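The values are calculated or read from the model by the stated rules, or taken from the named source; none is laboratory data. Since this is a predicted model, take the numbers as computed values, not measurements. Cβ placement follows ideal geometry from the backbone for every residue including glycine, while neighbour counts extend to all protein chains displayed. Just so you know, the surface numbers come from the protein's heavy atoms only, side chains and all, with ligands and any DNA or RNA stripped out. Shrake-Rupley method; radii C 1.70, N 1.55, O 1.52, S 1.80 Å.
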Amino acid sequence: MQPNYFDPFVLPFTLSMFALLTFLVFKYGSWIYRFGASDRKKVFKGFFSRNSWLAMKEIFMEGLLHRKIFKTNRRLGYMHMSLAFGWFLLIVVGAIEAHTFAKGSSPFYFPIFFRFFVPGTHESFFSDGFTQLMDLLLLFVLSGLFLAVLKRFKSVWVGQTKTSRKKPIDRVVLTSLWLIFPLRLLAESFTSGIHHSGGFLTGSLGTFFGVFLPINQLAYPAWWAYSLALGFFFIGLPFTRYMHIPTEMVLIFFRNWGIKLGVDNPVLMEVEINSCPKCGICIDTCQLSSMAGIHNTQSVYFIQKLRYHEDYNQVAESCLMCGRCEAVCPVAIDLNSIRLMHRADVSATREENFGFIPVQTRTADVIYFAGCMTHLTPTIKNSMVKILNASGDKYWFFDKEQGACCGRPLKLAGQLEAARELVERNRQMMMESGARMLVASCPICYKTFAEDYHLGMEVLHHSQYLERLMANKQISVEKLEVSAVYHDPCELGRGSGIYESPRAVVQNVAKLKSSVYQKENALCCGGSIAHLTLPLEKKKQIARETLRLLTVEHPQVIATGCPLCKKSFTGESGTKIMDIAELVAKALVAKPVREAAKQQKEPVYL
Ligand code: SF4
Ligand code: SF4
Ligand code: SF4
């Protein structure tokens, strides 16, 4: 005979689960519907492709095991993993157990409340094995919960200095989430105590509680409470940060199917915003928080403002765009791009006319673009000119008269149309020169040329150019008697992935020292032009603290590859600050000008 697998207490869970699933189907369906035609095509094509398997692998590694958080902070990684992976295993193993031991057909909620309907009596080694395993998994989840509660009261104990501020609705739903597992433990323990069953955890606790509690009366209310906690959580989930749980999975699928964020794809931005769990990892890594005492503009708060449609103008502009938060964000949200897109939103669109910039073209092999910040640090510019002259390359100093800008500042200020017009003007002149290569001294200019100009010629940062000149023996250098630590500029390192070329250059001319704060973990100099409102004193504060951390190994020189970094650091430390171009110019060994250069009638434009 089919046993009765229904009791009214299952209703809060069952109904809320149906409501949540209905909501998610409509929500995700509406996102796909709002995608452009080509992205919709990618969804339908991608669904049956190998990329879906890759997405599932990524969901397992990042959504369940939280590999990226583990890399940043082990305790935090364990906390997230035990909650997510532990809960997942409880569902999967619970479903297998329920399927194995159900008599006849069973409803979908059966595995969740299995111990209520099948209290278990240690019938076989096999069933006892399942009971013990389920207890172990529950303990695993509870250990993560313990860390989560600890983190709420004293976040440093789990390795986080600051955690994100919660909205009241988040707190209510968080409480219901926290209650789910202790209530399950109580319900299963009381039932086990009554039936003298259960595993090493629920069985022992049931016996223990039976000594001084009326477990016969308490068991049924405990199952109701457990079901109600689940119900509250599922009903509240769409309105809180917990929406990230299902949405992050959807985001991973979308990305693996080739859907990319862009100004023409605000839907994916909505998916990314809803995928943020407010883990707060971006807070500690932000120097505005750790060095300048500014605690309300970090990416978690910016995303929160977008999510709840609050006024985001001030927060959108208050960011160095250093990319440190993006580098550690476990969900890989395109934080800089999203901020930039919203700056474009808040900036009034101005009519710009760049007709005053003379259109001039020269023929050359190499175009050199110093950038306005390099003009403000003339020692870098002069060093590059010295090196270019020694190289024998026929070059054109594009912005020698300082009248040109790459357009990035306009873009950072959200003036996208004006930036586009300026880019087009420069592009036209550069392409007519017939040059095979463009060299930029400023990493910001370099990134702009590489990404926005589509010049059809090689674009190099001067560190790459210098490395090549040395490798091709176009210049000769001697090793200087100095030790140097290399500071990765944000836009060159995290922004463009150029880490090795500058190091190779420094290694050729000085003794290179390493630092904890290097490559992806490099600090920002504080002088970023991307922060539109940061007071000078705060910028200096960040520069001083960064320098302090960079000089723990007592290098004689701090080498960098960005004029803005050099400018921000200069005067804030006793250690000498040099651009790598200055180091190379100093190490340059005079040699006869190459034949090619001699033959040029008009070899260089200075
Ligand atoms: S933006 Fe990224 S790092 Fe920051 S809270 Fe959200 S998921 Fe965490
Ligand atoms: S980009 Fe840099 S300054 Fe901006 S929020 Fe992220 S870490 Fe902070
Ligand atoms: S990005 Fe900055 S340094 Fe580079 S040219 Fe434009 S304004 Fe000047």
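State all residues of the range 518-570 that are in contact with a Gly (Cβ under 6 Å, 6 or more places away or on another chain), farther than 20 Å from HIS461 by Cα and of a type in the set (A, V, I, L, M, F, W, C); if no residue qualifies, say none.
Correct list: ILE542, ALA543.
Could you check, for the range 173-196, whether at least one of its residues is within 16 Å of ligand 1 (Cβ to nearest atom) and part of a helix (DSSP H, G or I)?
Initially, the range 173-196 is screened for residues within 16 Å of ligand 1 (Cβ to nearest atom), giving 174.
Add one more test, that the residue is part of a helix (DSSP H, G or I), and what stays is 174.
Looking through the range 173-196, at least one residue is within 16 Å of ligand 1 (Cβ to nearest atom) and part of a helix (DSSP H, G or I).
Would you mind finding the one in LEU422, LEU416, LEU376 that is under 30 Å from HIS342 (Cβ atoms), crowded, with 19+ Cβ neighbours inside 10 Å and among the aliphatic types (A, V, I, L, M)? Working first, answer last.
On the way: LEU416 fails: crowded, with 19+ Cβ neighbours inside 10 Å; LEU376 fails: crowded, with 19+ Cβ neighbours inside 10 Å.
Being under 30 Å from HIS342 (Cβ atoms), crowded, with 19+ Cβ neighbours inside 10 Å and among the aliphatic types (A, V, I, L, M) holds for just one of LEU422, LEU416, LEU376, which is LEU422.
If a residue has to be open to solvent by less than 40 Å² (accessible area, probe 1.4 Å), more than 14 Å from ligand 1 (Cβ to nearest atom) and under 18 Å from THR72 (Cα atoms) to count, how many in the range 272-305 make the cut?
Of the residues in that region, 1 qualify.
Given the criteria open to solvent by 40 Å² or more (accessible area, probe 1.4 Å), more than 16 Å from ligand 2 (Cβ to nearest atom), assigned by TED's automatic domain parsing to the domain that holds SER155 and over 20 Å from LYS167 (Cβ atoms), does PRO266 qualify? Show your work before the answer.
On the way: open to solvent by 40 Å² or more (accessible area, probe 1.4 Å): yes; more than 16 Å from ligand 2 (Cβ to nearest atom): yes; assigned by TED's automatic domain parsing to the domain that holds SER155: no; over 20 Å from LYS167 (Cβ atoms): yes.
Judged against the criteria, PRO266 is not a match.
Of the residues that sit in the range 306-324 and are touching a helix residue (DSSP H, G or I) at 6+ places or on another chain (Cβ under 6 Å) and more than 10 Å from ligand 2 (Cβ to nearest atom), which one is most open to solvent (accessible area, probe 1.4 Å)?
Checked the range 306-324; the qualifying residue most open to solvent (accessible area, probe 1.4 Å) is ASN313.
Please verify whether the range 234-255 includes one or more residues that are outside any helix (DSSP H, G or I), closer than 30 Å to ARG34 by Cα and acidic (Asp, Glu). Please lay out each step first, then the result.
Our first condition is that a residue be outside any helix (DSSP H, G or I); within the range 234-255, this holds for 240.
Still in the running and closer than 30 Å to ARG34 by Cα: 240.
Among the residues that remain, those that are also acidic (Asp, Glu) are: none.
No: zero hits.
Among the numbered criteria (1) buried (at least 19 other Cβ atoms within 10 Å of the Cβ); (2) free of Cβ contacts under 8 Å to residues at least 24 places away in the same chain; (3) under 29 Å from GLU553 (Cα atoms), which single criterion is violated by GLY527?
Failed condition: (2).
Which residues, taken from the range 247-263, are open to solvent by 20 Å² or more (accessible area, probe 1.4 Å) and either within 16 Å of ligand 2 (Cβ to nearest atom) or at pLDDT below 95 (or both)?
Those that are open to solvent by 20 Å² or more (accessible area, probe 1.4 Å) and either within 16 Å of ligand 2 (Cβ to nearest atom) or at pLDDT below 95 (or both): LYS260, LEU261, VAL263.
Exactly one of (1) within 25 Å of the chain's Cα centre (by Cα); (2) closer than 26 Å to THR297 by Cβ is unmet by GLY561. Its number?
Every condition holds for GLY561 apart from (2).
Of the residues GLU500, GLU537, which is surrounded by fewer than 24 Cβ atoms within 10 Å (Cβ to Cβ) and modelled with pLDDT of 95 or more?
Numbers: GLU537 fails: modelled with pLDDT of 95 or more.
Criteria check complete, one pass: GLU500.
Out of THR551, THR546, THR560, THR533, I need the residue that is over 30 Å from GLY407 (Cβ atoms) and not charged (D, E, K, R). Which one? Let's see the steps before the verdict.
On the way: THR546 fails: over 30 Å from GLY407 (Cβ atoms); THR560 fails: over 30 Å from GLY407 (Cβ atoms); THR533 fails: over 30 Å from GLY407 (Cβ atoms).
From the options THR551, THR546, THR560, THR533, the qualifying one is THR551.
What pairs come up if the first residue lies in the range 307-326 and is closer than 14 Å to MET341 by Cβ, the second is in a loop (DSSP other than H, G, I, E, B) and within 14 Å of ligand 1 (Cβ to nearest atom), and their beta carbons are under 7 Å apart, counting only those six or more places apart or on different chains?
Correct list of pairs: VAL315/THR297; CYS319/THR297.
Filter the range 425-465 down to residues that are away from ligand 2 (no atom under 16 Å from the Cβ), part of a helix (DSSP H, G or I) and among the basic types (Lys, Arg), then give me how many there are. First the steps, then the outcome.
Taking the range 425-465 as the starting set, the residues that turn out to be away from ligand 2 (no atom under 16 Å from the Cβ) are 425-442, 445-446, 448-465.
Imposing the further condition that a residue be part of a helix (DSSP H, G or I) reduces the set to 425-432, 445-446, 448-453, 462-465.
Okay, now just the ones that are also among the basic types (Lys, Arg), so 425, 427.
Residues that pass the stated criteria total 2.
Tally up the residues in the range 290-303 that are more than 7 Å from ligand 2 (Cβ to nearest atom) and among the hydroxyl-bearing types (Ser, Thr, Tyr), please.
2
Go through the range 1-117 and tell me which helices (runs of 4 or more DSSP H), entirely inside it, have 3 or more residues that are on the phi > 0 side of the Ramachandran plot and open to solvent by 60 Å² or more (accessible area, probe 1.4 Å).
Numbers: elements: 11-34, 37-47, 50-58, 67-72, 74-101, 114-117.
Per the criteria, no element qualifies.
Checking the condition at pLDDT 95 or above and farther than 21 Å from TRP223 by Cα, which residue from LEU76, LEU138, LEU89, LEU64 passes?
Working: LEU76 fails: at pLDDT 95 or above; LEU138 fails: farther than 21 Å from TRP223 by Cα; LEU89 fails: farther than 21 Å from TRP223 by Cα.
Answer to the selection: LEU64.
Determine the pairs where a residue that is within 13 Å of MET431 (Cβ to Cβ) and away from ligand 2 (no atom under 16 Å from the Cβ), located within the range 359-375, has a partner that is modelled with pLDDT under 90 and not aromatic (Phe, Trp, Tyr) with Cβ atoms under 9 Å apart, the partner being 6 or more residues away or on another chain.
What qualifies is VAL359/ARG425; ARG362/GLU602; ALA364/VAL604.
Just need a number here: residues in the range 390-402 that are at negative phi and open to solvent by 50 Å² or more (accessible area, probe 1.4 Å).
3
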